[in-house]
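Structure record follows, encoded as structure tokens.
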Amino acid sequence: MHPNEAVITRFYSAFQQRDAATMNACYSDDIIFSDPAFGLLKGDEVKAMWEMLCKNAKDFSLTFSNIQLPDEEYATCNWTATYTFSKTGRKVVNNIKAFMKLKDGQIIEHSDAFKLSKWAAQALGWKGALFGWMGWFQRKVQKMARKNLEKFMQNKEAVSARQ
């Protein structure tokens, strides 16, 4: 197995176990991440996002496949997350294409691509289905995701400060 394929396999295998620490160990400290729900995140924001998603996941399962290595630094794979969206209790099956850049055995850039409108229809019901394709609605979803991440990071800091 190519070393980059091993890193990606380790990352998604850890995600299957909701092991954010192992996932984050696959990243460089200055990781850059983007996806339709959170937008652009950097460094500690990225690592906190995975911690939050792993901690809050309900009825979660994940599959990954089709790891492709077009050259020595880039990789792609497909992954599917199935879970219950906590705010609405609705089941979501999100099919995602990951694009990664690796250097020295770590992921330095990671971008996930999926249709936010399809996700919104599943997670948010009729409002998501009706408005999920509209820019203003997608920005609202992104703002909500970022706000949840900021709150998670603040709570994490508060707990660390007390210890």
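The values are calculated or read from the model by the stated rules, or taken from the named source; none is laboratory data. Nothing here was measured: the structure is a model prediction, and the numbers come from that model. Reconstructed Cβ throughout: ideal geometry from the backbone, glycine too, with neighbour counts over all protein chains shown.
Contact annotation: residue pairs with Cβ atoms under 6 Å, 6 or more positions apart or on different chains, pairing a residue in the stretch 1-19 that is touching a residue at least 40 places away in the same chain (Cβ under 8 Å) and closer than 20 Å to M52 by Cβ with a partner that is of a type in the set (G, A, S) and surrounded by 14 or more Cβ atoms within 10 Å (Cβ to Cβ), are R18/A57. Screening the candidates D71, D59 for the property of being under 21 Å from S28 (Cβ atoms) and without any contact (Cβ under 8 Å) to a residue 40 or more places away in the chain yields one hit, D71.
Among the residues of the stretch 106-163, those that are aliphatic (A, V, I, L, M), surrounded by 15 or more Cβ atoms within 10 Å (Cβ to Cβ) and in a helix (DSSP H, G or I) comprise L116, A120, A121, A123, L124, V141, A145, L149, M153.
Within the stretch 41-60, being in contact with a strand residue (DSSP E or B) (Cβ under 9 Å, 6 or more places away or on another chain), among the basic types (K, R) and modelled with pLDDT under 95 holds for one residue alone: K58. Given the structure, is I107 touching a residue at least 40 places away in the same chain (Cβ under 8 Å), in contact with a helix residue (DSSP H, G or I) (Cβ under 6 Å, 6 or more places away or on another chain) and either charged (D, E, K, R) or within 17 Å of H2 (Cα to Cα) (or both)? Here the answer is no, as I107 does not meet what is asked.
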